[in-house]
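Novice: Sharing a structure here in structure tokens format.
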Amino acid sequence: MFTTVQSTHLVVDTGGIIQGTRLERLGKELWTIPEVLDEVRDSKARALLDTMIVPLKLKEPTPADVKAGV
């Protein structure tokens, strides 16, 4: 049996959206940056975004965020 562990915070990249992953099953709060949404152009991926029950929260990373992530 496969079980999914749900994280509190999930950082979303374009790949998960384009693949059609139901991201709300993986995290309680979903975060991304505006550029990720700009990259999503196909109709199926856009439809996925429109039907998500957990909204994506947008945040622009600060220089300190970028440095910490490296």
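Derivation of every value follows stated rules applied to the coordinates shown; laboratory data play no part. From a predicted model like this one, the values you see are computed outputs, not experimental measurements. Neighbour counts are summed over all protein chains in view; Cβ atoms, including those assigned to glycine, are modelled from backbone coordinates with ideal geometry.
Novice: Hey, could you check the stretch 7-36 for residues that are touching a residue at least 24 places away in the same chain (Cβ under 8 Å) and in a helix (DSSP H, G or I) and say which is surrounded by the fewest Cβ atoms within 10 Å (Cβ to Cβ)?
Specialist: Only one residue fits best here, namely PRO34.
Novice: Filter the stretch 37-68 for residues that are part of a loop (DSSP other than H, G, I, E, B), of a type in the set (A, V, I, L, M) and surrounded by 10 or more Cβ atoms within 10 Å (Cβ to Cβ) and give the result. Give the derivation first.
Specialist: Residues of the stretch 37-68 part of a loop (DSSP other than H, G, I, E, B): 40-42, 52-55, 59-62.
Subsequent filtering for residues that are of a type in the set (A, V, I, L, M) retains 40, 52-54.
VAL40, MET52, VAL54 - these are the residues of the stretch 37-68 that are part of a loop (DSSP other than H, G, I, E, B), of a type in the set (A, V, I, L, M) and surrounded by 10 or more Cβ atoms within 10 Å (Cβ to Cβ).
Novice: Pairs only if they're at least six apart or on different chains, beta carbon under 7 angstrom, first in the stretch 47-70 and within 18 Å of THR14 (Cα to Cα), second among the small types (Gly, Ala, Ser); list them, first residue then second.
Specialist: From the stretch 47-70, the pairs are LEU48/GLY20.
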